[in-house]
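Written below as structure tokens is the structure these notes are about.
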């Protein structure tokens, strides 16, 4: 693409996103999420089955939703981060005179310095990632997305960032001030917004270990490509482990919340645990959905070690859990009880005689080395075989793929 012409002429609206556990336009709140999601969806659309999108495929129309908050970097020379194009709002974050060809590594302070430190730690294996940067009363969040010149390695990066200001009255919305804000003297490292607190009280070893593992797992939820969902589910599993430990030692858990500055919530018992793991400043919409997923899992008797597998098998993943919880609340408000999908056949199954496996095996067709067995649970909790369930090969394959045997 022609950097200057395409950059200065771009106009348009954000593309529609597809719904999943990490990214959905429907649930995105405010400019921050809209811009980050638009950038990620545009980047993903350019991949077209490749490992990396090509830099030449960038278009003015695709860049337009986040152009003002975007920075394009040439990273083809190790240790150099040269500007190809920079949006006017991103320039406020840099807070230094920057033009095309400028090497950001030459700027020794503020956001530019911390961004270079982050990129240097990732180099040369750049991957799609979110980040957070805080200095003084300015908090910025962004996403970096790698691009290739010819499909062989990463030569360019697209960085999209937004920021907001803290004040004595509270936290303002994301915005761009009319004049640049001076950089703070001691910026903190760029990182994910996971928990960061010091404990004043000693914790029982099991609870302390659960918290440590939870925070460590949450830090891995920075990746947004193929491995992201697995990392998220693992972090939620560790969050549920903290909840389980807290249930056995509520006093220690209450002290932990107090030290972290987090309030317990009777109507939302999983939210404090999630804030411990992901951080108090984490996206509220995501925390609400994660809490619904934990609530649904616990109602179904799922333990922390089994939560990732439960979410992987749940139709719709976290979104599926949210839908189930909302449906349950609606039924409670209306006074209706949940419909039992097996109510019409329970009496029929109860009347079926229990059979021996040896007799059932004789009914299997020759060559059927895999069969689906139908059984019922008796009053003693034992399983009683009833017969072979009819299933064609495609149905049997679909059922088996949903199972995990250890």
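The values are calculated or read from the model by the stated rules, or taken from the named source; none is laboratory data. Small disclaimer: the values here were computed from a predicted structure and weren't measured. Here the Cβ positions follow ideal geometry from the backbone for every residue, glycine too, while neighbour counts run over all protein chains shown.
Descriptive notes on the structure:
- Members of the stretch 310-325 found to be surrounded by fewer than 17 Cβ atoms within 10 Å (Cβ to Cβ), outside any helix (DSSP H, G or I) and either over 15 Å from the mean Cα position of the chain (by Cα) or at pLDDT 85 or above (or both), listed by number: 315
- Of all residues in the stretch 69-82, those that are in contact with a helix residue (DSSP H, G or I) (Cβ under 8 Å, 6 or more places away or on another chain) and either over 22 Å from residue 99 (Cα atoms) or free of Cβ contacts under 8 Å to residues at least 24 places away in the same chain (or both) total 1.
- The stretch 255-286, residues that are assigned to a helix (DSSP H, G or I) and at pLDDT below 85: 255, 256, 257, 258, 259, 260, 276, 277, 278, 284, 285, 286
- A single entry from 281, 320, 316 fulfils the requirement of being in contact with a strand residue (DSSP E or B) (Cβ under 9 Å, 6 or more places away or on another chain) and more than 18 Å from residue 213 (Cα to Cα): 281.
- Residue match in the stretch 98-108 (condition: surrounded by fewer than 22 Cβ atoms within 10 Å (Cβ to Cβ), part of a loop (DSSP other than H, G, I, E, B) and touching a residue at least 40 places away in the same chain (Cβ under 8 Å)): yes
- In the stretch 331-352, the residues that are within 13 Å of residue 378 (Cα to Cα) form Cβ pairs under 6 Å with partners that are at pLDDT 65 or above and surrounded by 10 or more Cβ atoms within 10 Å (Cβ to Cβ), at six or more places apart or across chains, as follows: 349/376; 352/386.
- Only one of the listed residues (44, 84, 127, 141) is in contact with a strand residue (DSSP E or B) (Cβ under 8 Å, 6 or more places away or on another chain) and surrounded by fewer than 19 Cβ atoms within 10 Å (Cβ to Cβ). That residue is 127.
- Residues of the stretch 47-69 that are within 23 Å of the chain's Cα centre (by Cα) and surrounded by 19 or more Cβ atoms within 10 Å (Cβ to Cβ): 52, 53, 65, 66, 69.
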